[in-house]
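First up is the structure itself, then whatever we jot down about it.
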Amino acid sequence: MGLTLIEAAKHETRVERLAVIRTFSEGQLIRRLPFRNLTGGALKFAKEKKLPRVGFRAVNEGYRRDYGAVANETEFVHLFGGDLDVDRSIVDLNGTEVRASQTEQKVRSMRLTLEAAILNGDANFDPRAFNGLSKRLVPGGVQTVDNGGGTVKLTRIEQLVDAVNANGGEKVLITSKAGRRQISAACRDVGGELYQVMDGRHWFEDVEILVVDQDANGQDVLGFGEAGKTTSFYCCSFGDELMTGLKGPFEGRYGISVRDFGEVQDAPVFRTRVDWYVGFAVCDDKAAARLYNIGPAVA
């Protein structure tokens, strides 16, 4: 069973790995997404396409035999991380805290980059990476809903949520801060309690809203940069057989690897390497959906 990073941290004993997991968990999407342990670097799974038929029978009759249709698919983990070099002179003059600060910045950059990739990753642009939800849910295709332009419409959000099956689990909405404000404003306009904030968590009806803000370069991940200066919202359900993260083993343990090489021989720098064999899979076609063609709010 896949564990979220917060759940995985309960089983971690190394201080440096705990610090990295804590920084990764600052992201709302990464914090909620479970990650399955994956041996061999690839997840092969059967994606359900059609259920087998059943029916009633009379006495002494047999049931009609039928079979469900599945499509065999494969997802992989990808090598993700980076080296952090801090000049020895900086450490000598300013203390070891400088290395800790630089390492935290590196990990935060990884978290922002990974969240952006889950939504907007493009394997054609970077063949080392994976396709994000925007490439898997093309506007006009199955599991997509057209907002029709203009600010977001509540009925279209409800249509988006209804397009996703949680199979007993929970659904989440993924949007930007500007998108969340649109939902809040639309709910206030119609009155009632469609939008709620509880313990700092935002909800539309009974679906939690997760915000993905900017990537490591300061660019809006879900900005109004799509066709016609529009944006998209996503609805997903998380779980081993729904939408799940994937992680491979490193030195016999699963999760994020942090290695301190000390001062390296080829340069007067202290080097830290952060590695994560990571990916994600949508194991059920109805575990994710997209609402597109949402325009910016008019001032």
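Comparing V91, V145, V211 in a Gaussian network model of the chain where C-alpha atoms under 10 Å apart are linked, the largest mean-square fluctuation is found at V91.
With the biggest extent put first, the Cα atoms of the stretch 88-138 measure 52, 16, 8 Å across the principal axes. Distance between the modelled labels on T155 and D126, one decimal in nanometres: 4.0 nm (7 Å Cα→Cβ projection). A dipole drawn for the chain from +1 and -1 charges on Cβ atoms has a positive end, and of G168, T230, L51 the residue lying farthest that way is L51. Overall shape: oblate for the stretch 168-215, with the ratio a/c of the largest to smallest alpha carbon gyration tensor axis at 1.5 or above and b/c at least equal to a/b.
Looking at the chain, which longest stretch skips every one of the trypsin sites (Lys or Arg not before Pro) that is in a DSSP loop with at most 15 other Cβ atoms within 10 Å, leaving the sites themselves out?
129-228
Springs join every pair of Cα atoms under 10 Å in this Gaussian network model of the chain, and among G81, G68, G140 the largest mean-square fluctuation is at G68. With N counted as the residues of the stretch 170-299, its alpha-carbon radius of gyration over 2.2 N^0.38 Å works out to 1.43. Net length available on complete extension from E104 to K177 is 23.9 nm, with 0.36 nm assigned per residue and the Cα-Cα distance removed. Taking amide H as placed 1.01 Å from N in the peptide plane, the amide H of Q214 sits under 5 Å from that of V221, each at least 5 places away or on another chain. For the stretch 186-262, the alpha-carbon radius of gyration amounts to 1.64 times the rule-of-thumb value 2.2 N^0.38 Å expected for a compact globular protein.
Sites listed here are chymotrypsin sites (Phe, Trp or Tyr not before Pro) in the stretch 1-91 whose DSSP assignment is loop and whose Cβ has at most 15 other Cβ atoms within 10 Å: F56, Y63, Y67. Straightening the chain between V190 and E205 buys 4.1 nm, computed as 0.36 nm per residue apart minus the Cα-Cα spacing. If the chain linking E61 and I90 were pulled fully straight, counting 0.36 nm for each residue of separation and taking away their Cα-Cα distance, it would gain 2.1 nm.
Among (1) 6, 24, 30, 21, 12, 5, 1, 0, 0; (2) 6, 30, 39, 21, 4, 0; (3) 6, 29, 35, 22, 6, 1, 0, only one was calculated for this model; which label is it, if the read-out is P(r) over Cα pairs in 10 Å bins from 0, in percent? Label of the calculated value: (1). Loop-located GluC sites (Glu not before Pro) across the stretch 224-299 with a Cβ neighbour count of 11 or fewer within 10 Å are E251, with loop assigned by DSSP. Within a straight-line Cα-Cα reach of under 16 Å, K247 can be paired with the following lysines, leaving aside sequence neighbours fewer than 8 residues apart in one chain: K44.
What FRET efficiency do you get for F261 and Q219 if R0 is 45 Å and r is their Cβ-Cβ distance, rounded to the nearest 0.05?
0.90
Summarised as an ellipsoid, the stretch 48-159 has semi-axes of 51, 23, 14 Å, derived from the eigenvalues of the Cα gyration tensor scaled by 5 and square-rooted, with the largest first.
With 22 Å as the limit on Cα-Cα distance, the pairs of K47/K171; K171/K286; K49/K153 that go past it are K49/K153.
Under a Gaussian network description of the chain, with springs only between Cα atoms under 10 Å, the residue in V59, V142, V164 that fluctuates furthest is V59. For GluC sites (Glu not before Pro), the sites in the stretch 178-225 that DSSP calls loop and that have at most 13 other Cβ atoms within 10 Å are E193.
Quick one: in the stretch 225-299, what % of C-alpha pairs are over 14 Å apart?
Tail fraction, whole percent: 75.
Cross-link partners of K135 among aspartates and glutamates, defined as those whose alpha carbon lies under 18 angstrom from its own and excluding same-chain residues fewer than eight positions apart: E73, E75, E115, D122, D126, D146, D215, D220, E226, D284, D285. Only helical runs count toward this figure. For the chain, summing -39,500 (n - 2.57) over DSSP H runs of n ≥ 4 and dividing by all residues gives -7500 deg cm²/dmol at 222 nm. Annotation for K135 and T4: the two label points, set 7 Å from Cα along the Cα-Cβ direction, are 2.8 nm apart. Put the Cα centre of the stretch 32-96 next to the Cα centre of the stretch 263-290 and the gap is 16 Å.
Rule-based calculations on the coordinates, nothing more; no lab input. All figures in this text were calculated on a predicted structure; none of them were measured in a lab. Virtual Cβ from ideal backbone geometry, glycine too; neighbours counted across all protein chains shown.
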